[in-house]
Amino acid sequence: MSIRRRDLCLLLPALFPAVLRPEDLAAQEESMPSAMYPFEALPIRTPNNAEIRDVLKGKLATGESLEVHETTLPPGGAPHAAHHHVHSEMWLIREGTVELTVNGTSYRLGPGSVGFVRSNDQHGIKNVGTTPATYFVVAVGPGAGS
């Protein structure tokens with residue numbers, strides 16, 4: 001197979017890594033480093049009868065804010081009233097049964113279920129089961145974790 005000069009010119013950019021701009025390098029240096037978070041080492045706080053384990057909080061190299069925590073609610077418990085904010089949130093239900101209400105519509109979620117609320121949608125979560133409910137929250141965007 002012969003390669004023509006034109007074909008070689010088309011391939012050249014793929015042979016060299018992308019050049020990072022200084023601002024891209026600065027953002028990467030200020031971003032969260034790769035890290036592991038053993039469950040037994042996570043600090044626990046207990047606002048409003050919820051047990052919350054903060055996992056991580058910071059900026060990604062691409063500029064977004066990211067916050068992750070695990071919450072355990074007692075039966076009938078809710079961490080706070082329905083609210084909205086600029087960042088988006090995702091819930092990963094680990095155990096128990098919760099009711100996630102988004103813009104006035106309620107959804108019942110059990111173990112393995114995932115809920116997502118985009119920026120500025122009104123939302124709230126409550127344990128509607130008879131046992132504790134545990135879930136992870138992943139918040140991404142402006143103000144995540146604040």
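Take the Cβ atoms of Ala82 and Thr131, set R0 to 22 Å, and the FRET efficiency comes out at 0.40.
Restrict the search to region 74-146; then list the trypsin sites (Lys or Arg not before Pro) that DSSP places in a loop and that have at most 16 other Cβ atoms within 10 Å of their Cβ. Before the final figure, lay out each step's value.
On the way: sites: Arg94, Arg108, Arg118, Lys126; in loops: Arg118.
Those that pass, being in a loop and sparsely packed, are Arg118.
Peptides 32-45, 58-71, ordered by how many other C-beta atoms sit within 10 Å of their residues on average, highest first, read 58-71, 32-45. Residues of region 93-120 falling in the label zone of Asn48, defined by backbone nitrogen less than 13 Å from a point 7 Å along Cα to beta-carbon, are 101.
Each reported figure results from applying straightforward, stated rules to the coordinates on display, with no laboratory input. Worth saying up front: this structure is predicted, and the values here are computed from it rather than measured. Cβ coordinates were reconstructed from backbone atoms using ideal geometry, including for glycine residues, and neighbour counts include every protein chain displayed.
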